[in-house]
Amino acid sequence: MTLASSSTVASVPASVTIPAKATIATFKVTTKVVTKSTPVEISGTYKGVKAAATLTVKPAALATITVSPSTVTGGSSSTGTVTLTGPAAIGGVKVTLSSSNTGVATLPASATVAAGASTAKFTVRTKAVKTTTTVTISGTYSSVKKTASLTVKP
């Protein structure tokens, strides 16, 4: 069976062999990094009969935001990490960051995931507190918001 792709965003082998007495065969589809959702038609042709399906290749999205350690003594720092679902496209991905209590925990306004990478780190600086305080650290990219909790102890 010959195979084809309608775009260079997704590549397939030129053909696949369906074993005797079998009705299916598997093959690998290799995708490229994209900046917007891109539909690609993947087709197979055998004895002049074509069957096709649409594969949508999506850009990386924000998967998680974490802080480590998640509990610190006021006045110390924690390392934050934003993780994407896949590698960032050319130009990178800027994740907007925020703290629910800037009087206790401060961080940069954003973290940039470099092109081809899937994570970026940032520093969360804390101030001394009189009582244990939980701060929500948020990351937002392309309308997707993820949060992590940071506990600051006296």
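Just so it is clear, none of the values below were taken in a lab; they were calculated from the coordinates. Treat the numbers as computed from the prediction; the structure is a model and nothing was measured. Here the Cβ positions follow ideal geometry from the backbone for every residue, glycine too, while neighbour counts run over all protein chains shown.
Panel order for Val144, Val16, by other beta carbons found within 10 Å of each beta carbon, from fewest to most: Val144, Val16. Shape analysis of the range 57-116 yields a ratio of the Cα radius of gyration to the Kirkwood radius, Rg/Rh, of 1.04.
Pairs of lysines in the chain whose Cα atoms sit within less than 18 Å of one another amount to 14, provided the residues are eight or more positions apart or on different chains. Quote the relative contact order of the chain in percent (integer), defining contacts as alpha-carbon pairs under 8 Å separated by 6+ residues. Here the relative contact order equals 19 percent.
Relative contact order for the range 62-153: 36 percent, from Cα pairs under 8 Å spaced at least 6 residues apart, divided by residue count.
At what distance in angstrom do the alpha carbon centres of the range 27-76 and the range 1-24 lie from each other? Their Cα centres are 20 Å away from one another. Which net charge results when you count Lys and Arg as +1 and Asp and Glu as -1 among the other residues whose beta-carbon is under 15 Å from that of Pro39? Net charge around Pro39: +2. Overall, the ratio between the Cα radius of gyration of the range 91-140 and 2.2 N^0.38 Å, rounded to two decimals, is 1.32.
According to the Kirkwood relation over distinct C-alpha pairs, the hydrodynamic radius of the range 62-153 is 13.1 Å.
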